[in-house]
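All remarks here apply to the structure that follows.
The values are calculated or read from the model by the stated rules, or taken from the named source; none is laboratory data. Computed from a predicted structure; not experimentally measured. Note: ideal-geometry Cβ built from the backbone for every residue, glycine included; neighbour counts use all protein chains shown. Ligands, DNA and RNA are stripped out before the accessible areas are found, and what is left, the full protein with its side chains, is counted by its heavy atoms. Shrake-Rupley method; radii C 1.70, N 1.55, O 1.52, S 1.80 Å.
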Amino acid sequence: MSAVTADQILAAAGADIAQRGPLRDQPTGERSMSRAIAAFNALHGTCLTEVQGWQFMELLKHARATGGKHHPDDHQDRAAYAALAGEAAAREAAR
């Protein structure tokens, strides 16, 4: 198995984000976290933000990465979720 570089992980994470929009028929990209958080907050009476939703997903992938065999997508997905959290944070700060 050849070594994977950080640049390759980030590029793959970016490609995943880019392909999700067409996969979900969303012209501006697949950004379902705000809807998921709104539903979660309504069901549980909480006030999670979109950023916190993406951070939760990062932690989920981190927890998965600590058990069992190495799965490259754990790290790739964490990179994508971190980028999506950054995007959401910039949006929240602009409001």
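Residues of region 1-18 being touching a residue at least 12 places away in the same chain (Cβ under 8 Å) and aliphatic (A, V, I, L, M), which ones?
Val4, Ile9, Leu10, Ala12, Ala13, Ile17
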Give Gly14, Gly21, Gly29, Gly53 a once-over and let me know the one that is within 24 Å of Ala3 (Cα to Cα) and open to solvent by less than 50 Å² (accessible area, probe 1.4 Å).
Gly14
Filtered residue count, region 6-55, keeping only those that are of a type in the set (A, V, I, L, M, F, W, C) and under 12 Å from Leu84 (Cα atoms):
6
Sole exception among (1) open to solvent by less than 80 Å² (accessible area, probe 1.4 Å); (2) of a type outside the set (Gly, Ala, Ser); (3) within 15 Å of the chain's Cα centre (by Cα) for Thr5, by number
(3)
